[in-house]
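The values are calculated or read from the model by the stated rules, or taken from the named source; none is laboratory data. These numbers were taken from a predicted model, which means no experiment stands behind them. Cβ coordinates were reconstructed from backbone atoms using ideal geometry, including for glycine residues, and neighbour counts include every protein chain displayed.
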Amino acid sequence: MNQTLRIAMPLGASLVFGSAVVIVTYYSLRHLQKESGLTPLLGTSMRRSDMRQRALRDSFLFRWTLPIILGLSAALRPMNLHVLRNYVRVPYAQAGYPGGLEDDDVVALGMLLAFLTTIVLGGSVAILLGPLLAWIGLIGMPIGFLILVSSLKSRAAAREILILQAMPYMLDLIVLLLRAGTSLRIALARVVDDYREHPIGEEFGQVLAEIDVGASRPEAFKRLSDRLKIHDVNSLTDAIVQSEELGWPLADTLERLADRLSSERVLRAQSRAGAAGVLVMIPSTLVLAAALLMLFGPFIVKLMINGTSFN
């Protein structure tokens, strides 16, 4: 009987835990499906092949894992995992399409990370707590996929900072070229050339490629706005669309936008500096309290022990 219970209890726990994983996965997918219904479909980047060649040139790990990712993607494609595909599409676009992968390939990479996380976590639990508890490693399935999404969002946040820092200077360059008599096409090409290997150069290279294949300028910039979802880029798109529709001089419109972005950047810097001053007071106060305790600690302890008498 005792032997039977020793076997039945881990099996029962595995069944309960597996049921919990299935329920959580089901409702998570339903939640993601509701969110993905509100997500606009983004155009495929026309520069993904360039990004893939760059990744193959610079990363040995990417060269080694790419065939595995492509094979797993081909195996998962008939399953039509559109919920996961829509979930990773926006952060992957904001991250700049690292590696030049397609959306199905990104899902396959997430599944690969989930599998590896499960193996590592299950093996660690089996070594530390015994092989009967290796089923705990199943929690590595969602964790591995979320690691990929979290890394994409972190990369997207870093790219957003770089783009915001370069926006005023990039607009000044475009205004200078437009006032010199060049077209917007030539000005964008100069931006792409000057900001090569920079996120803003990559994104405007995509805009330039779309214009070259026949897309209108407002349409190409709207796709840029949909990809990045950055307020300043939205302002740039609105300025170009209004200039196209109302016939305003584009150089004047972009010059006003560049001045406004520069002013907003100064205000943001001042706001962060003020907040940093408040945060610096916290460790300063702690250091002062520690110094006071070191100076008056013996007297306080003696007072607590002997009362008011110091004999």
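Numbers at a glance
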{"quantity": "Residue that is farthest from Ser263 (Cα to Cα) [pool: residues in segment 150-165 that are surrounded by 17 or more Cβ atoms within 10 Å (Cβ to Cβ) and modelled with pLDDT of 90 or more]", "calculated": "Leu152"}
{"quantity": "In segment 251-279, the residues that are modelled with pLDDT of 75 or more and of a type in the set (A, V, I, L, M, F, W, C)", "calculated": "Ala251, Leu254, Leu257, Ala258, Leu261, Val266, Leu267"}
{"quantity": "Criterion (in contact with a helix residue (DSSP H, G or I) (Cβ under 7 Å, 6 or more places away or on another chain) and either more than 25 Å from Ile200 (Cα to Cα) or part of a loop (DSSP other than H, G, I, E, B) (or both)) met by exactly one of Ala55, Ala114, Ala93, Ala75", "calculated": "Ala114"}
{"quantity": "Search result, residues across segment 260-274 that are hydroxyl-bearing (Ser, Thr, Tyr) and over 16 Å from Val233 (Cβ atoms)", "calculated": "Ser263, Ser271"}
{"quantity": "Selection status of Gly140, free of Cβ contacts under 8 Å to residues at least 24 places away in the same chain and either part of a helix (DSSP H, G or I) or surrounded by fewer than 19 Cβ atoms within 10 Å (Cβ to Cβ) (or both)", "calculated": "no"}
